[in-house]
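**Student:** Supplied in structure tokens, the structure appears directly below.
The values are calculated or read from the model by the stated rules, or taken from the named source; none is laboratory data. As the structure is a prediction and not an experimental result, all values here were calculated from the model. Using ideal geometry, Cβ is built from the backbone for each residue, glycine included, and neighbour counts are taken over all protein chains shown. Note: accessible area is taken over every heavy atom of the protein model, side chains too, but ligands, DNA and RNA are not part of it. Shrake-Rupley method; radii C 1.70, N 1.55, O 1.52, S 1.80 Å.
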Amino acid sequence: KTNNTVDLDIGANSIITDLTVHNDELVVGCGSTAKIQTRNNAGTWTAATDDVYVSHFTRPENRLWRGQGTAATAAQVSNIGPTDNPRTLSNWSAGITVGDAQIGITDLNSIGEQIFVSKPDGLFPGDISAAFENVLPNFPRDIGNGRPTISDGSDVYYCHPNGMIRYPVGGAPEEVGIQRQLR
């Protein structure tokens, strides 16, 4: 028999876009449809009172990064330190626009201390100075690009509607797997 209890009702029009663990709490983002929520080990849910919206999370080392979830900030990332409360807007760094400000983020990943921002127009590794350069600048733009992106070891796998690109950190991107080659 199935127990149909609901742990948290985020609302009829809200969709969870990503979740992670930070400060021993489950942190849930719902894009622009609901503010960030956290769940502690006792099972208590707390919604942000500040306007903190999240489309995607990643955790390079001990920092938490977010893709900012509103239409006006859809191409921005920001981060907090290892003990900062993610529900408090002032804890987050200023937004960093990645690539074209009109094109939203489709996924975030990390390897070690490096963050990787996926967007329909490419893959943008971030460096220590918060500069994000597109390593797929001539790739055909498609809304399905970078959904999802996977990091494994020292490789990032950027999915697109016709297959997958493997980006070895610091190396050259290459098509992998069985797919229709894009030219």
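**Student:** List the trypsin sites (Lys or Arg not before Pro) within the range 119-180 that DSSP assigns to loop and that have no more than 15 neighbouring Cβ atoms inside 10 Å.
**Tutor:** Those that pass, being in a loop and sparsely packed, are Arg141, Arg180.
**Student:** Answer rounded, prolate or oblate for the range 93-183, using the Cα gyration tensor with square roots of eigenvalues a ≥ b ≥ c: rounded when a/c is under 1.5, else prolate when a/b is larger than b/c, else oblate.
**Tutor:** Verdict is oblate for the range 93-183.
**Student:** Leaving out ligands, DNA and RNA, and with a 1.4 Å probe, what % of the accessible surface on the range 64-182 is carbon or sulfur? Please report the intermediate quantities before stating the final value.
**Tutor:** Numbers: 2800 of 5550 Å².
The nonpolar share, carbon plus sulfur, comes to 50 percent.
**Student:** Follow-up. May I ask for the Rg/Rh ratio of the range 56-132, computed from Cα atoms with Rh as the Kirkwood radius, given to two decimals?
**Tutor:** My calculation puts Rg/Rh at 0.93.
**Student:** Assign one of three labels to the range 102-147, namely rounded, prolate or oblate, based on the Cα gyration tensor with a ≥ b ≥ c the square roots of its eigenvalues; rounded applies when a/c is under 1.5, prolate when it is not and a/b is larger than b/c, and oblate otherwise.
**Tutor:** Working: a/c = 2.19, a/b = 1.68, b/c = 1.31.
Here the range 102-147 falls in the prolate category.
**Student:** Per residue, how large is the accessible surface of the chain? Use a 1.4 angstrom probe and give square angstrom.
**Tutor:** Per residue, the chain has an accessible area of 53 Å².
**Student:** If you don't mind, there's one more thing I want to ask. Given (1) 1.07; (2) 0.97; (3) 1.11, which label gives Cα Rg over 2.2 N^0.38 Å as computed from the coordinates?
**Tutor:** From the options (1) 1.07; (2) 0.97; (3) 1.11, the structure gives (1).
**Student:** Within the chain, what percent of beta bridges assigned by DSSP are antiparallel, to the nearest 5?
**Tutor:** If we restrict to bridges inside the chain, about 100 percent are antiparallel.
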